[in-house]
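We did not get these values from a lab; they are worked out from the coordinates using the rules stated. Everything numeric in this text was worked out from a predicted model, so none of it was measured. In this analysis, Cβ positions are derived from the backbone assuming ideal geometry, glycine residues included, and neighbour counts consider all displayed protein chains.
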Number of protein chains: 2
Amino acid sequence: MKHIRVFAPGTVANLGCGFDVMGLTLDGVGDLLEIGAEEGAEGLEIRNLSGMNLPENIEENVITPALRAMLAAYGRPVRIEVTMLEKIAPGSGIGSSAASSAAAVYGLNELLDRPFSGKELVEFAMMGEALIGGTPHADNVGPAVLGGVVLIRGYEPFDIVRLPVPDNFFYAVAHPAIVVSTKDAREVLPREIPLSKAVEQWGNVGGLVAGFALRDVALIGRSMHDAVVEPYRKGFIPGYDELKELVLAEGALAMNIAGSGPSVFALASDYGVAQRIAAQMERHFQSRQIGCHTYAGRVSNAGARVVEQ
Amino acid sequence: MKHIRVFAPGTVANLGCGFDVMGLTLDGVGDLLEIGAEEGAEGLEIRNLSGMNLPENIEENVITPALRAMLAAYGRPVRIEVTMLEKIAPGSGIGSSAASSAAAVYGLNELLDRPFSGKELVEFAMMGEALIGGTPHADNVGPAVLGGVVLIRGYEPFDIVRLPVPDNFFYAVAHPAIVVSTKDAREVLPREIPLSKAVEQWGNVGGLVAGFALRDVALIGRSMHDAVVEPYRKGFIPGYDELKELVLAEGALAMNIAGSGPSVFALASDYGVAQRIAAQMERHFQSRQIGCHTYAGRVSNAGARVVEQ
């Protein structure tokens, strides 16, 4: 049985105005797994050496539906062994489940000599997201597979556009030790929104996409506002407005909620600024007796990839 | 007094999903005027040799508030004489008023040795739109001044992004002899829309902007859907659904309402297809006893410009 090691990066979904349609790839944080495949045999085995708590039952592991969707499309039996080696903390808001699914499908595609396109890999990995969130969505698995910034134009039919990220473009992410369920984060949102707010939001989505496509960092910063979702979800994050003010004063281009929260992320065009923002986020939550993990690094054009053993 | 001749092109606003935030420049149709300026003197005179009906009173002409806004910013007296030579038919839905305002401010800026940026010219020309529509908007004057495709990210502060249009990208526009007032077209829209529709729409706006930025004509076609406004406004246009089906079957990348209607436009990557679509649109309205003017041509990267006398 041939084995390879695969890394898939952490990701941030939504990007403010890009609620449910955009995601971005982080450098320096992600999942590492080893995957082996044997054609003609059957069975799936997942071992966990990552040190993180993961479900013992493989039916509850996001990797399982992702790989099964891929095998169904492949149409021939394959025995697969996966060993999780390093794992983003589950619930951290930077695409922990997406990184696992993305790494698994990317690795299996390599082992099978690449029968599937990047877009197809995203669609398989989405089945892992469906296991958790109920509906398949691609705003984390898209960038985890493809890298860069990803726009999901629509799901019927599935249409995904990858945009490059500018060089020298950095992130800070803070994961406060608060639990906000995806269900609660969904239910707090209104079912209807004013048309005027929607227009404001799609103007910003257009600006954000143009900013990435034209590599205009200032335009990215100006566009990353969320008139629709942030007002409802920020209530889950203690002192959100105050933190945002501090972070913007420190030189962030923008700050918003990462995915459905409670993590927050900020973007900056300077690594030192991103580091200072991460420290500021940590102090903010700690001063409220909330533990906090922070990350700072470069926004990445590289998605899932094979790494040397 | 120095005189120059200035042309500003017709434009299509909204572009389906880009309701209130996008517009596109047409080649081969527009307004032509002669403008003269004399510093130190005062007064504004507008003559109409275009053959189109225009208000006699200059206070009712869109050019007046546009030029006055520019002079207020200039801060010194200038006497201006404008002669309208050729004019898009008012109410045709391809930015007739915007072309006049754009040509006037572009021309005066040239005569004054270019004290203002393109973005500032758009802001002056918006004052002409405010005279008609009540609120200043830039989805026609933006492309009429700057050319290409224009995204208005937002108005507070005013932020406009110009994107190039692909080569070999063509339009067909039909202007049926129906009157739909901008007020009626506005009032038929709901004040609130489902969040899910809004997300669908901003996914498409992102796709449309990415399509122009990446010069991906197929993506432009896939993205130019309007889940929000078209369902309400198409009722003003007899046989809209049937026409759209015919036009798409003929090879159009997309068809939608031009601005607030009643004109419709379609895009195609072939000039012959655009011409056949224009003919089809004409037959469609004529078979319903509705007169119709059609245009077909290239989508243009060129906005307002000085032309040789």
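Odds and ends about this structure:
- 7 Å along Cα→Cβ, label-point gaps from B:Pro190 to other copies, nm, shortest first: 1.3
- The charge dipole of the protein assembly as shown, taken about its Cα centre with unit charges on the Cβ atoms of Lys, Arg (+1), Asp and Glu (-1) only, comes to about 100 debye.
- P(r) tail fraction, the stretch A:1-117 - alpha-carbon pairs more than 23 Å apart, %: 29
- Rounded to the nearest 20 debye, the dipole size of the stretch B:161-309 about its Cα centre is 240 debye, using +1 on the Cβ of Lys and Arg and -1 on the Cβ of Asp and Glu.
- With its label point put 7 Å out from Cα toward Cβ, B:Asn168 sits 3.8 nm from the same residue's point in the other copies, in order from shortest.
- Inter-copy label distances for B:Gly28: 5.5 nm (label point placed 7 Å from Cα along Cα→Cβ; shortest first).
- Angle in degrees between helix A:240-249 and the longest Cα principal axis of chain A, rounded to the nearest 10: 80
- For the stretch B:123-228, the residue among B:Phe124, B:Gly211, B:Leu151 whose Cα projects farthest onto the positive side of the dipole built from Cβ charges is B:Gly211.
- Here the label points at A:Asn57 and B:Lys119, each 7 Å from Cα along the C-beta direction, are separated by 5.7 nm in the simple model.
- Value at 222 nm in deg cm²/dmol, rounded to 500, when DSSP H runs of n ≥ 4 in chain A each add -39,500 (n - 2.57): -11000 deg cm²/dmol
- Dipole-positive endmost among A:Gly259, A:Leu195, A:Gly221 within the stretch A:164-309 (Cβ charges, Cα centre): A:Gly259
- The Rg/Rh ratio for the stretch A:220-309, using Cα coordinates for both the radius of gyration and the Kirkwood hydrodynamic radius, is 1.00.
- Whole-number Å³ per residue for the convex hull built on Cα positions in chain A: 126
- With respect to chain B, whose longest principal axis is taken over its alpha-carbon atoms, helix B:195-213 is tilted by about 60°.
- Debye, to nearest 20: dipole size of the stretch B:49-141, +1 on Lys, Arg Cβ, -1 on Asp, Glu Cβ: 180
- Nearest 10 degrees, 0 to 90: helix B:63-74 Cα axis against chain B principal axis: 60
- Fluctuation leader among A:Ala258, A:Ala72, A:Ala185 - chain A, Gaussian network, Cα springs under 10 angstrom: A:Ala72
- Two-decimal ratio, the stretch B:113-254, of alpha-carbon radius of gyration to 2.2 N^0.38 Å: 1.16
- Under 29 Å between alpha carbons - lysine pairs in chain B that sit 8 or more apart or on different chains: 13
- Under 20 Å from the B:Leu189 label point (7 Å along Cα→beta-carbon), backbone N, the stretch B:148-168: B:150-161
- Considering only A:Ala274, A:Gly291, B:Asn61, and ranking their Cα positions along the charge dipole of the protein assembly as shown that arises from unit charges at the beta-carbon of Lys, Arg, Asp and Glu, the one farthest toward the positive end is A:Ala274.
- For the protein assembly as shown, the fraction of C-alpha pairs more than 48 angstrom apart is 22%.
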